[in-house]
Structures are given as structure tokens and as C-alpha cells.
Amino acid sequence: MKKIILSLLLALPAGAMAQEADKSVLEVRYRVDYRNNMNDSTLHNDDFALWIGERQSKYFSMRTKRNQEVRDSLQKEGYDSHQMLDALRSGAIPRSGQPYVVMKNWPKEGKMLFLDNVFSDCYGCEDEMYPFDWQLVEGDTVVAGYQCQKAQTTWHGRTWTVWYALDLPYDNGPWKLGGLPGLILSARDAAGDYAMEAQAILKGKGDAIGYANKYEKCTQKDYQSLKRKMAEDPTALLKQRYGNQVKIVSIDSTGKRTEGWIGNTPVFFEIFDKK
């Protein structure tokens with residue numbers, strides 16, 4: 001397999017949001033398997049991309065990106081809400097993936113930003129880069145055609161085992177993971193809730209790396225509290241925002257409609273308590 005090796009200094013400083021946008025020089029495509037909620041033993045999957053630039057990087061679902069691109073195109077053609085729903089049901093609009101995005105060296109040097117939606121609002125949680133205490137472990141394997149070394153860390157309630165490639169000298173990886181002397185191509189948590197493995201390493205297309213949407217800054221704990229409330233019982237949260245006229249109707253796989261909400265406790269990358 002032909003390898004792409006680009007010369008890039010590790011941990012180059014990031015500019016502020018107002019500075020010229022960074023551009024991708026490397027694109028890594030990962031298959032992501034994840035458990036969606038505590039009552040779900042099935043692993044779902046998604047396709048993510050990691051765009052790496054000279055200063056910043058962006059990790060996002062390619063399925064979600066494609067879904068939004070098609071929606072935007074149909075809206076420009078004049079589709080109303082009913083036509084959009086019909087297009088979604090017919091498959092004309094591809095199914096979306098996970099909504100979260102991880103920016104590194106963003107919004108400033110040395111910071112990571114995790115972004116996700118709770119209902120219609122976007123929240124952003126900042127972390128320092130990189131907070132992981134990596135332990136190098138004996139072992140090697142091949143991922144996406146690259147010889148990889150093994151490392152482990154425990155952080156915020158999860159133990160991660162990763163494989164990183166010294167031939168790809170980027171201190172980066174999927175999600176928030178990074179800080180090793182090579183690009184992380186595979187990562188799994190000990191509980192089996194998450195697995196991320198590179199499927200392809202491509203030369204970057206010069207895509208602009210940034211995040212233009214507005215978001216509300218919050219802590220990871222506050223974000224998880226809102227996400228949990230929305231998943232387990234959104235009625236109170238929605239009534240607080242929109243008044244008592246809010247009515248929740250659940251529709252099962254057969255199309256049966258039931259007033260109320262059958263909630264599930266979501267699974268998070270970071271575990272702060274046992275709730």
C-alpha cells in the first residue's frame with residue numbers, strides 16, 4: 001500500500017478564530033463503533049473524518065456532513081418542511097450520523113473544543129491539549145497499512161488502548177485522543193463502548209478547518225446533565241423553554257403512537273459519576 005508521509009511539525013501553534021483559516025493537509029477516515037445508550041447492547045457505527053492542518057484539526061461525522069449538504073441543497077430548491085420529511089422517508093436525504101465535532105488547537109492554541117447538540121441548541125466544552133498520561137506498552141500491529149505501536153491511558157473514567165504510527169508524525173487521533181509521537185489509527189475503551197479504527201489515510205484537499213456555528217460554552221458535566229435530561233425525559237426541559245403547550249409523542253418501530261417518552265440513559269465518552 002502506498003503510504004503518505006508529509007513533513008509537519010508536531011503541536012504547531014494555533015491562531016485565534018479571527019486569523020486566516022487553517023487548511024487540511026491530511027485526512028484520516030475512521031470507522032467508529034459505539035454504544036448509544038445504557039439499555040442498548042448493540043454497537044452502532046458511523047464514518048468519521050479527521051482533517052489535520054498545520055495548526056488545527058477537525059473530527060466530525062462524514063454522514064452528518066453529507067446529510068446537511070443534501071438538506072441545504074433541497075432548501076435552496078425551495079423544499080418545504082413536508083417535502084423535506086418525504087425526502088427523508090424515501091431515502092433522498094441520507095441518514096445523519098453522530099452530531100458531535102471535536103476541534104483541536106481551537107478556539108486558541110493548546111485548547112480542544114468538544115461540540116454537540118442538545119435538542120436545537122449547540123454546546124461547546126473546552127479542554128486542555130492533551131491531558132492524557134500515556135503509558136507505552138509492548139506490542140505492535142498493522143492498521144490501514146501502517147506499522148503501529150501500542151499505548152494506554154486512563155482518563156475521566158475510561159481506560160483507552162490505542163495504536164499509533166510513527167511513520168505518520170502527527171500528535172493527533174480520533175475524538176480528543178492525541179499527544180503521542182505518531183498518529184493514533186486505532187482506539188478502544190476497556191468497557192467496549194467505543195472503537196475507532198482508521199480505514200484510509202489520504203492527502204488533504206485543502207478543506208478549511210473551522211467551526212462557524214454559534215454555541216454556548218459549558219462544562220462537560222453540565223453538557224452531560226442536559227443531554228441526560230433530554231434523553232431520559234425531555235418533557236420538563238422542553239416545557240421550561242416553550243411552555244406547557246409542549247406534548248411528547250413516542251412512535252415505535254411499528255408506527256404506534258404513545259403519549260409520553262420512553263427514555264434511555266446515554267453513554268458518554270467521559271464518565272464523571274455512576275448515573
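The values are calculated or read from the model by the stated rules, or taken from the named source; none is laboratory data. Just so it is clear, the model here is predicted, and its values are computed rather than measured. Because the Cβ atoms are built from the backbone with ideal geometry, glycine has one as well, and the counts that use them run over all protein chains shown. SASA here: full protein model, heavy atoms, side chains in, ligands and nucleic acids out. Shrake-Rupley method; radii C 1.70, N 1.55, O 1.52, S 1.80 Å.
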Check your understanding: Taking amide H positions as placed 1.01 Å from N in the peptide plane, with prolines and chain starts having none, which residues 5 or more places from Gln98, or on another chain, fall under 5 Å of its amide H?
Key -> Thr64
Point to revise | Sorted peptide list for 96-103, 66-73, criterion being average Cβ within 10 angstrom, highest first | key: 96-103, 66-73
**Study point:** Computed lengthening from Ala212 to Glu109, 0.36 nm per intervening residue step minus Cα-Cα distance
**Key:** 35.3 nm
Review point. Using a simple spin-label model with points 7 Å from Cα along the Cα→Cβ vector, what separation in nm is obtained for Glu232 and Leu166?
Key: 4.7
Revision key, fill the gap. Each label sits 7 Å from Cα toward the beta-carbon; between Asp273 and Lys256 the label points are separated, in nm, by 3.4
Practice item. Sort Ser61, Ser81, Ser225 by accessible area with a 1.4 Å probe, largest first. Key: Ser81, Ser225, Ser61
**Study point:** Estimated dipole of region 84-230 in Debye, rounded to 20 [Cβ of Lys and Arg +1, of Asp and Glu -1, Cα centre]
**Key:** 460
Check your understanding: What nm distance separates the two modelled labels at Glu126 and Arg95, each placed 7 Å from Cα along Cα→Cβ?
Key -> 3.7
Point to revise | Total charge dipole magnitude, region 41-110, about the Cα centre, Cβ charges on Lys, Arg, Asp, Glu only, Debye to nearest 20 | key: 200
